[in-house]
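Below is one structure, written out as structure tokens, with a few remarks after it.
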Amino acid sequence: MSFITGVGLTPFGRHEGRSTIDLMSTAAESALSDAELKRKDIDGLLCGYSTTMPHLMLATVFAEHFGVQPAYAHAIQVGGATGLAMVMLAHELVDAGVANNILVVAGENRLTGQSRDSAMQALAQVGHPQFEVPLGPTIPAYYGLIASRYMHEYGLRPEDLAEFAVLMRKHAIAHPGAQFHDPITVEDVMASREISTPLKLLDCCPVSDGGAALVVSRDPTNARRVKITGCGQAHMHQHVSAARTLTEFGAAAAVERARARSGTAISDVKYAAIYDSFTITLTILLEEIGLAGRGESASRVRNGDFGIGGALPLNTHGGLLSYGHCGCGGAMAHVVETHLQMTERAGPRQVRDASVALLHGDGGVMSSHVSMFLERM
Amino acid sequence: MTKAAISEATSIADWTEGAEAVLYQSCGACRHVWYFRRGFCPSCGAENPQTKQASGKGEVYATTIVRRAATPEAKAHVPYAIVLVDMEEGFRMMAHGDNDLGIGDEVVMQFKLFAGALAPYVVKKT
């Protein structure tokens, strides 16, 4: 058993002059304060990686800088799934009695700390160094390949994917910390320039600076009660060339493992936080997990189901697509927003009922999957 | 672009070493077939897999056209198609190809220079 006792999130976008460690510190301070804990209470620390600050031992670098001396600390790397993987590991560690209050933190000046090309090049290295990377693929190209096949199988059109970009922007407008606040339409998405077909600029998440943190505790530290009830993972491939199919990626398997631990039925889920690096990512994950039928997620968006007032509110902070994506902190923003919703602190974005939430993240090219159920006690 | 050889050496060369060939491997024990070279079968673990040259015939499984490249060398080629091809021997590989290729098209393998190095390039079978 474990509880998420505090959360912290910086605005995403440009943080000129602020480093990885600066952004991690801001988010961590905010999460500690939210959990009503002091530095001395933190006996575990998990962090991710930063492309602008590669280091063999980022967790201890951060621990020294921030001023904690945990009994357990290290960094982990699972690409975009890192945020949820850290929270899952914190849950398992607390549950096993290894630590009582684990600070989970990520941050990166991914936007202003390097050129956009070097960010794109660094990310494209998730491809196979011998058999893929020499062909000049980009991350949008890997996802463009996936989109082409998935849309072919289920008869989706580019306009269907665009619905998710519009929805995430609509949500981001209600969050002052989001990177983008200009409303967009399906026509705007369709008219944005092609990056790697069928994906257009507005189908892709941005590169951002930002930080996010949370505390996972054995016992509640304040009046809030958000419990992690079960987590699961699945890792079916790394490279898109080696994926067995481009329609079943392991998301359903990860959710099933989490469900077996938590006992929560998919039909009980009131709020969804799903990784949305691209519009196609969100489409496939929703449909593979079973939160929408195959090929039906776009019509669910048009029906308002995933809106703030809908049957299953989704990524109400705007997701990676419009809140922004700073690396490991990207998916953690989904967790922070879920916590705010579950504790009725989401202000103008507050949904009616977020008592049971399902979170899902993926890393690589739909390679690594982490799922998690949260429940308000 | 520098080549990162992460697989075990084989006696025959392929496109990653500048030869106009695509190689794949198969397992004598369990009949598994795969593309990324290694010294054992990733399905059953048997050693000494066979390394063979592919016929070059296949079918397009997925396709994208890159219009925004990340490296200066690749930018000179924009727009370029990247495809996943299901080869007739039973493995899938990434290649370049004509921009008008669609899923399900039957293709044959050729080779073209990309960013200064030889790369597999598929065209529609005639």
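Laboratory data are not the source of any read-out in this text; all were calculated from the coordinates shown. What you are looking at is a predicted structure, and each value in this text was computed from that prediction instead of being measured. Virtual Cβ from ideal backbone geometry, glycine too; neighbours counted across all protein chains shown.
Computed 3J(HN,Hα) for the range A:29-44, one whole-Hz value per residue from the Karplus formula 6.51 cos²θ - 1.76 cosθ + 1.60 where θ = phi - 60°, is 4, 5, 5, 4, 4, 5, 7, 6, 10, 9, 3, 5, 7, 7, 10, x, glycine and proline marked x.
In a DSSP loop and with at most 15 other Cβ atoms within 10 Å, there are no GluC sites (Glu not before Pro) in the range B:23-86. Once divided by 2.2 N^0.38 Å, the Cα radius of gyration of chain A becomes 0.90. D for chain B, whole µm²/s, Stokes-Einstein with Kirkwood Rh over alpha-carbon pairs at 25 °C and 0.890 mPa s: what number? The Stokes-Einstein estimate is 159 µm²/s.
Geometric descriptor of the range A:8-65, per residue, is 90 Å³ (volume of the convex hull of the Cα atoms). Can you tell me the orientation of helix A:328-342 relative to chain A, as the angle in degrees between its alpha-carbon axis and the longest Cα principal axis, to the nearest 10? It is inclined by approximately 70 degrees.
Local charge for A:Y271 was computed over the other residues whose Cβ lies under 14 Å away, with Lys and Arg +1 and Asp and Glu -1, and equals -1.
Averaging over all projection directions, the Cα-based convex hull of the range A:93-182 occupies 10.9 nm² in the image plane. Proximity of backbone amide H atoms, modeled 1.01 Å from N, is registered between B:Q110 and B:Y121, B:V122, B:V123 at under 5 Å, excluding neighbours fewer than 5 places apart on the same chain.
Taking each DSSP H run with n ≥ 4 as -39500 (n - 2.57) and averaging over every residue of the protein assembly as shown yields -8000 deg cm²/dmol at 222 nm.
Sequence-distant contacts, meaning Cα pairs under 8 Å at least 6 residues apart, place the relative contact order of chain A at 26 percent. Taking 23 Å as the limit for the C-alpha separation, the pairs A:K227/A:K270; B:K75/B:K125; A:K170/A:K270; B:K52/B:K112; A:K38/A:K227; A:K170/A:K200 exceed it in the case of B:K75/B:K125. Computed over the alpha-carbon atoms, the range A:304-377 gives an Rg to Rh ratio of 0.96, Rh here being the Kirkwood radius from the mean inverse distance. Residue by residue, the range B:60-66 carries 3J(HN,Hα) couplings of 5, 9, 7, 8, 8, 10, 7 Hz when phi is fed to the Karplus relation 6.51 cos²θ - 1.76 cosθ + 1.60 (θ = phi - 60°); x denotes Gly or Pro.
The ranking of A:K38, A:K170 from fewest to most other beta carbons within 10 Å of each one's beta carbon is A:K38, A:K170.
Based on the reciprocal of the average 1/r between different C-alpha atoms, the Kirkwood radius for the range B:57-124 equals 12.0 Å. Shown for A:T20, A:T60: other C-beta atoms within 10 Å of each C-beta, ranked fewest to most, produce the order A:T60, A:T20. When +1 charges are put on Lys and Arg Cβ atoms and -1 charges on Asp and Glu Cβ atoms, the dipole computed for the range B:57-124 relative to its Cα centre reaches about 380 debye.
Across every direction, the projection of the convex hull enclosing the Cα atoms of the range A:1-159 has a mean area of 12.4 nm². Once you reduce the range A:225-260 and the range B:22-83 to the center of their Cα atoms, the two points are 24 Å from each other. Rounded to the nearest 20 debye, the dipole magnitude of chain A is 400 debye, with +1 charges on Lys and Arg beta carbons, -1 on Asp and Glu beta carbons, and the Cα centre as origin.
Need one word for the range A:157-293: rounded, prolate or oblate. Basis is the Cα gyration tensor (sqrt eigenvalues a ≥ b ≥ c); a/c below 1.5 gives rounded, then a/b vs b/c decides. Oblate shape, in that a/c is at least 1.5 and b/c is the bigger or equal ratio. Does the range A:252-353 come out rounded, prolate or oblate, given a ≥ b ≥ c as the square roots of the eigenvalues of its C-alpha gyration tensor, rounded meaning a/c under 1.5 and, failing that, prolate meaning a/b above b/c? Because its axes are fairly even, with a/c under 1.5, the range A:252-353 counts as rounded.
In order along the range A:227-240, phi translates into HN-Hα couplings of 9, 8, 9, x, 9, x, 9, 8, 9, 9, 6, 10, 9, 4 Hz, rounded to whole numbers, per the Karplus curve 6.51 cos²θ - 1.76 cosθ + 1.60 with θ = phi - 60° and x for Gly and Pro. Eigen-decomposition of the gyration tensor built on the alpha-carbon atoms of the range A:87-146 gives equivalent ellipsoid semi-axes of 34, 17, 9 angstrom, largest listed first. Between the Cα long axis of helix A:82-95 and the first principal axis of chain A there is an angle of about 40°, rounded to the nearest 10.
Counting Cβ atoms of other protein chains within 10 Å of each residue's Cβ and taking the mean over peptide A:119-132 gives 4. A Gaussian network model of chain A, with springs between Cα atoms under 10 Å, assigns the largest mean-square fluctuation among A:A234, A:A251, A:A260 to A:A260.
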